Amino acid sequence: ATPTAIMAGMGRGAQNGILVKNGEQLELAGKITTVVFDKTGTLTSGKPHLTDLIAAGGADGSLSQDRILFLAAAAEKRSEHPLAQAIYEAGAARFPEGIPDPATFIAVPGKGVCAFVDGAEVLVGSPLFLAGYGVDVERFDGQSSEQLRHSGKTAVFIAIDRVLEAVAGLQDELREGALEAVTELKKMGLELHMLTGDNRRTAETIAARLGIQHVVAEVLPESKAQVIERLKQKDKVVAMIGDGINDAPAMATADIGIAIGSGTDVAIETGDIVLLKDNLRAIPSAIRLSAKTMTIIK
Ligand code: ADP
Ligand code: MG
């Protein structure tokens, strides 16, 4: 490839809202067979809202909805996870006098948080995470949580002193241009995957709305890169699009990493291509542009 052709391609990219950081990588972009999308913060805005708080009965039903929200919001106060921020914000709106800091707090990536608030142990996270502490999640993980997931919401479980008290529903909107980008990439004959730590049912609902054929769900942060590795072993040339939250290693493992410009600093550092606008519509042009650059070179 001549440097001039690559430079020309990079210049055209910038006009279209695409920053190509790595000219060498541009050559590979024209050979992409498979595009893997992170779900949260990439296909979706990454700014979920608390829409439901369904009581699970608790030990004796003595805790009010407000009390459960208060404890969960405090437990999530120190977490940077988008779900945590949504729960904290819902609590802060309900309790304008303020949500206290948790006495102790640990966050487990891809699972949830464990904190002490007002002398109570508060667990907020996936059912698997709570089950790991001996919480009986089965008594609730039935119809209501399935209904939340069927509508594309994430179901977050809340336990106080190891007793399941509520299930929260969190809704995250699709990012601008997501449907257009997916539709266009499919027309270009590319194989599309969604990769997420979220529940399978939630992920499938969102994938179906967009028309994404393959869903890899309930993947822990440390395993996301392995999913990319496995696709590469099947001779796929893989582009991974992410926001950098839990997916930077997967972006680095992919043949081409594409970062959402409004994503984390890690994403922008890791990505070979950075989308300068919050809009996913630029992805097909990023891939097309690189193929075009290759034609000029040949
Ligand atoms: P994604 O791949 O969609 O970005 P993550 O890997 O960050 O998702 O998280 C996977 C799941 O773990 C979430 O859907 C949620 O159930 C749970 N989880 C992780 N962190 C938190 C948290 N701070 N509060 C509540 N739930 C959490
Ligand atoms: Mg993400």
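Quick note: the coordinates plus some simple rules give every number you see, no bench work behind them. Nothing here was measured: the structure is a model prediction, and the numbers come from that model. Note that each Cβ is placed from the backbone with ideal geometry, even for glycine, and that neighbours are counted across all protein chains shown.
Jot down the radius of gyration and Dmax of the range 139-224, Cα atoms only, both in angstrom.
15.2, 52
Cβ under 15 Å from LYS277's Cβ, LYS277 left aside: what net charge do those residues give with Lys, Arg +1 and Asp, Glu -1?
-2
Taking N as the number of residues in the range 117-270, what value does Rg over Cα atoms divided by 2.2 N^0.38 Å take?
Normalised Cα radius of gyration, the range 117-270: 1.17.
Can you check what the net charge comes to around VAL182, using other residues whose Cβ is under 13 Å from the Cβ of VAL182 (Lys, Arg +1; Asp, Glu -1)?
Combined, the nearby Lys, Arg, Asp and Glu give +2.
Non-local amide H neighbours of GLU191 (under 5 Å, H modeled in plane, Pro and chain starts lacking H): which ones?
Result for GLU191 returns THR34, VAL35.
Starting at the first residue of the range 30-41, write each ³J(HN,Hα) from the Karplus equation 6.51 cos²θ - 1.76 cosθ + 1.60 with θ = phi - 60°, in whole Hz, x for Gly and Pro.
Listing the rounded values in order: x, 9, 4, 10, 9, 10, 10, 9, 5, 7, 6, x Hz.
Put one equal scatterer on each alpha carbon of the range 49-171, apply the Debye formula with no solvent term, and list log10 I(q)/I(0) at q = 0.15, 0.21 1/Å to two decimals.
Debye curve over Cα of the range 49-171, log10 I(q)/I(0) at q = 0.15, 0.21 Å⁻¹: -0.57, -1.21.
Hey, what did the range 53-211 get for relative contact order, percent, Cα under 8 Å, at least 6 apart?
22 percent
Please express the Cα-Cα pair-distance distribution P(r) of the chain as a list of whole percents, one per 5 Å bin, running from 0 to the bin with the greatest distance.
P(r) for the chain, in whole percents per bin: 1, 6, 12, 15, 17, 13, 11, 9, 7, 5, 3, 2, 1, 0, 0.
Give me a comma-separated list of calculated 3J(HN,Hα) values for the range 246-258, in order, Karplus coefficients 6.51, -1.76, 1.60 applied at θ = phi - 60°, integers in Hz, x for any Gly or Pro.
6, 10, 4, x, 5, 5, 5, 6, 5, 4, 10, x, 10
Could you please report the charge total around ARG162, scoring K, R as +1 and D, E as -1 over all other residues with beta-carbon less than 11 angstrom from its beta-carbon?
So the environment of ARG162 carries a net charge of -4.
Percent relative contact order of the chain, based on C-alpha pairs within less than 8 angstrom and at least six residues apart?
Answer for the chain is 26 percent.
Loop only per DSSP, at most 10 neighbouring Cβ atoms within 10 Å: give me the GluC sites (Glu not before Pro) in the range 134-202, ordered by residue number.
GLU138
Out of all DSSP beta bridges in the chain, what portion is antiparallel? Express it as a percent rounded to 5.
Here the antiparallel bridges make up roughly 65 percent for the chain.
Return one number: the angle in degrees, 0 to 90 and rounded to the nearest 10, between the long axis of the Cα atoms of helix 178-187 and the longest principal axis of the Cα atoms of the chain.
Orientation of helix 178-187: about 40 degrees from the principal axis.
Calculate for the chain the 222 nm mean residue ellipticity that helices alone would give, adding -39,500 (n - 2.57) per DSSP H run of length 4 or more and normalising by residue count, nearest 500 deg cm²/dmol.
Result for the chain, helices only: -11500 deg cm²/dmol.
Among the listed pairs LYS77/LYS153; LYS39/LYS236; LYS31/LYS153; LYS187/LYS232; LYS21/LYS224; LYS21/LYS232, give every one whose C-alpha distance is greater than 25 Å.
Cα-Cα > 25 Å for LYS31/LYS153; rest within.
Distance in nm between label sites at GLU121 and VAL108, each 7 Å beyond Cα in the beta-carbon direction?
1.2 nm
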